[in-house]
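What follows is calculated from the coordinates using simple rules that are stated; it is not laboratory data. Since this is a predicted model, take the numbers as computed values, not measurements. Positions of Cβ are generated from backbone atoms using ideal geometry, with glycine treated the same way; all protein chains shown enter the neighbour counts.
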Amino acid sequence: MQTLLHTLRQIVGAAHVFTDGDLSAWEQDWRKRERGKALAVIRPASTQEVAAVVKACAEFRAAHPDSAVSIVPQGGNTGLSVGSTPDESGQQIVLSLQRMNALREIDRANLTMTVEAGCILQSVQEEAEESDLLFPLSLAAEGTCTIGGNLGTNAGGTQVLRYGNARDLCLGLEVVTARGEIWDGLGGLRKDNTGYDLRDLFIGSEGTLGVITAATLKLYPLPAARLTAWAAVRSLDSAVALLGLAQQHLGAGLTGFEAMGQFALDLVAQHFAQLRVPLHQNVPYCVLLENSDHESEHHARERFEHLLEAAMEQGHVFDAIVAESLSQAKQLWHVRESIPLAQALEGLNIKHDIAVPVSCIAAFVQTTDALLQAAIPGIRLVNFGHLGDGNLHFNVQAPVGADAAEFLRQHEEQVNTLVFDSVQRFRGSISAEHGVGSLKRDKLAHYKSPVALDLMRSIKRALDPHNLMNPGRVISP
């Protein structure tokens, strides 16, 4: 091992190879569910250094067949499925890409930006805005998550309804393969039918097939106005009906549609008293809508008001407000983004990141809610998420007064099985935007087609025959 570490120090510099001291920033997952032990944390500064590191590890494995040395690519370490931290073996190298944070190019005519994988998402958004352009990927961790991690997990966020997931916002990749070779696929083409789509293969692979080192991203013109509305709805069925009306009235202008259950908002009001949570006391759900208009603020507001009037006339909306300023809009979004933090302050909980067809959401929630309550009386549901694209964060809190840690020990497997079985009955997915990691890896055997799993294993063996890249994540051997 010392021979390998010596080689790695020569590649990236001794100052960027960490083997002792406090490595918790790299070894512990964001939710603090698991803590691993790294052989070393390596911080390369270029794609060439990444390639040299991977090649050195591959050659070490070839020379030492009994070695379990492997590589765990890591961006901002904000993932929720334990997919970017080392295991407890002390044999895994954490390959941190945070030093690779350069903006390589903005092509205004082609509406693209090429950035390195360690770029913080918020920085990419700000760089685009300085050029009067929009990079629309937006999620709660945008101040710390990186583009490489966003692409590695195919991140979603609040504007998927209009712009799609991270995969839809990427036109090209630069990747270091498991052999230490560099694939330059950064061309910003929107049409290229020259064989298999390698870009889409690496996006969402969670570092199990190679290391994403740079990406060419889609940009859009900045809208002339972005307005936010908050609506109290009578049921999830009403929320789905409101979504249909919003799509009719706003078309592509509808860029956000978030649903929030009453208990989720109660937690925000309880734990963040300084935040004003509107209209939630007497209704089961509230909806947060965003309208991006390329004409004018007056046009956007007029269309919003017509939509909400129609929804009230049809009985779907109980009450609603339209933000009068950017500051007020940010406050409304801050309420939505504070739900996970409020739930964490309430105590340990069981998180689910599920997707079902929008047409099935109300029935799924009603059915699954009843099953959970029957199995564990007093259980509390923190239900919120991206209703516009069928993605819910269907989280479970212990009953009032129960020991949260003991509740997780006793009931987590039971709750997960019940929820995932229900997701399957409604033709959904057990992971919508957070990835699989190690947390859900063993669940895939029960909820994904055996044919699909066999194809995935074949791809893994073909691209990473020595299981060097992030082993134990996404797919079991």
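The table that follows gives values for the structure above.
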{"read-out": "Quotient of Cα Rg and 2.2 N^0.38 Å for the chain, N being how many residues it contains", "value": "1.00"}
{"read-out": "Förster radius 22 Å - calculated FRET efficiency between residue 370 and residue 281, Cβ distance, rounded to 0.05", "value": "0.40"}
{"read-out": "Within straight-line cross-link reach of residue 448, lysines at Cα separation under 16 Å, skipping those fewer than 8 residues along the same chain", "value": "440"}
{"read-out": "Around residue 308: net Lys/Arg minus Asp/Glu count, Cβ-Cβ under 13 Å", "value": "-3"}
{"read-out": "Cross-link pairs beyond the 19 Å C-alpha cut-off, checked among 191/218; 351/443; 32/351; 37/351; 37/443", "value": "37/351; 37/443"}
{"read-out": "Cα centroid separation - the range 1-80 against the range 135-169, whole Å", "value": "25"}
{"read-out": "Label-reachable residues, the range 357-377, where backbone N falls under 15 Å from a point 7 Å from residue 237's Cα toward its Cβ", "value": "359-367"}
{"read-out": "Within-13-Å neighbourhood charge of residue 212 [Cβ basis; K, R +1; D, E -1]", "value": "-3"}
{"read-out": "317, 283, 53 arranged by Cβ crowding within 10 Å, fewest neighbours leading", "value": "283, 53, 317"}
{"read-out": "Cβ-based net charge around residue 447, under 14 Å, with every Lys or Arg adding one and every Asp or Glu removing one", "value": "+3"}
{"read-out": "Computed over the range 225-340, the ratio Rg/Rh where both radii use C-alpha atoms and Rh is Kirkwood", "value": "0.95"}
{"read-out": "Net dipole in debye of the chain [+1 Lys, Arg Cβ; -1 Asp, Glu Cβ; about Cα centre; nearest 20]", "value": "1060"}
{"read-out": "The range 278-335: GluC sites (Glu not before Pro) falling in loop per DSSP and having at most 14 other Cβ within 10 Å", "value": "295, 324"}
{"read-out": "Fewest-first ranking of 400, 382, using other Cβ atoms within 10 Å as the exposure measure", "value": "400, 382"}
{"read-out": "Pairwise FRET efficiency - residue 197 versus residue 252, Cβ, R0 = 22 Å, nearest 0.05", "value": "0.30"}
{"read-out": "Normalised contact order of the chain, rounded percent, pairs of Cα under 8 Å and 6 or more residues apart", "value": "15"}
